[in-house]
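Report on the structure given below.
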Amino acid sequence: MLTTRGSPNRGSAKMEEVNEKLKNFFITSSTSGVELNCLASFRRHRQELQRNYLHYGTGKYQLILAFLICTIGKHYFSELFANEDCILGMPQQLQKAFRPPEICNFCREVRDVPRLANVDPNEFERNYAYAGGPVIVTDATANWTATEYFDYWFFKDIYATYGKRKKAARCQFFPYQTGFRNIHEAFDLDPARVNYEPGTEPWYFGWSNCDPEILKILREHYGRPYFLPRGSENNAVDWVFMGGTGLGAHMHVDNVRLPSWQSQLKGSKEWILAPPPECYYSCNFLSVVVQTGDTIVLDTNKWYHKTNVLSGEISITVGAEYD
């Protein structure tokens, strides 16, 4: 619980002053192209926060608390701020610092990555869905047309048509080591670089499909993996990761709510999995190659993971969380 000392009456008056200062901060920041919505969330939820978490004190402390809630605090007051944007994302190192320690049961007995096919959803739910993983299902993409249609040019055409929509612009984008500033730069590559011709720089990036129009188009070519528990719901946001040999995602742990699946539509990637630091002496480090057509399932909030695109075809994967 966060607390500060001070008179409630005085705190109420000071809170309005703090709100005004934050409002001015938001206006100034918005003029530089940064969209900041957390102040509105903070003000809407102020009474709830005050009742359950905070005793407001001096204006200085209130300003600090407001800033912490709008940056770091969202991760701990998620029932209040669900689906709302914050001023800043929590820096990755702080995410790790504030991450609660894991109980190591999810990885203690894991020696390798099982590969399954024609698995019954009930069996998958009992043995794999919520155990933390990892596990690979080899036949989930058999009837998907995404393996045929998805390539760099397919996505480029979609984002040329729909990518400037406000909803599409708000979707997350990961440039990894490419230096791309946004998805539009990523889809403006010279054909020689797209095709990895000699002398061109490698590329790899990822993004979320949070725009419903784009998501609808993409989901015409893939669906909810057949093996997921029948009672689980498909997430409203899917992810795509795409790129060639020599790059991939750095070692990291995710800060999402649920376990996830990721299907390898084209190419192949090596996944390197590491237990969290508190489990280093109880669990194993793992390496597994996910081939075209494979779907890897694991809890990326527990397992640290890194990917390397292997030589051959451009790697394209699609994935999502499931409850």
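Bear in mind that the values in this text are calculations on the coordinates, not laboratory data. Treat the numbers as computed from the prediction; the structure is a model and nothing was measured. A quick note on method: Cβ atoms are made from the backbone with ideal geometry, for glycine too, and the neighbour counts reach across all protein chains shown.
Which one of these is of a type in the set (A, V, I, L, M, F, W, C), farther than 14 Å from GLY133 by Cβ, more than 19 Å from the chain's Cα centre (by Cα) and not in a loop (DSSP other than H, G, I, E, B): VAL289, VAL318?
Numbers: VAL318 fails: more than 19 Å from the chain's Cα centre (by Cα).
Result: VAL289 is the single residue among VAL289, VAL318 that is of a type in the set (A, V, I, L, M, F, W, C), farther than 14 Å from GLY133 by Cβ, more than 19 Å from the chain's Cα centre (by Cα) and not in a loop (DSSP other than H, G, I, E, B).
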- Right, THR147: part of a helix (DSSP H, G or I), hydroxyl-bearing (Ser, Thr, Tyr) and surrounded by fewer than 14 Cβ atoms within 10 Å (Cβ to Cβ) or not? no
- When region 230-286 is examined, which residues are found to be under 21 Å from GLN172 (Cβ atoms) and of a type in the set (Gly, Ala, Ser)? ALA236, GLY243, GLY248, ALA249, SER260, SER263
- Which residue pairs have Cβ atoms under 7 Å apart, sit 6 or more places apart or on different chains, and have a first residue in region 155-184 that is at positive phi and a second that is part of a loop (DSSP other than H, G, I, E, B) and buried (at least 17 other Cβ atoms within 10 Å of the Cβ)? TYR176/LEU247; TYR176/ALA249
- Item | Selection from region 267-323 of residues that are more than 27 Å from TYR149 (Cβ to Cβ) and among the charged types (D, E, K, R) | GLU278, ASP299, LYS302, LYS306, ASP323
- Query: Of the residues that sit in region 117-136 and are of a type in the set (S, T, N, Q) and over 18 Å from THR300 (Cα atoms), which one is nearest to the chain's Cα centre (by Cα)?
  - Reply: ASN122
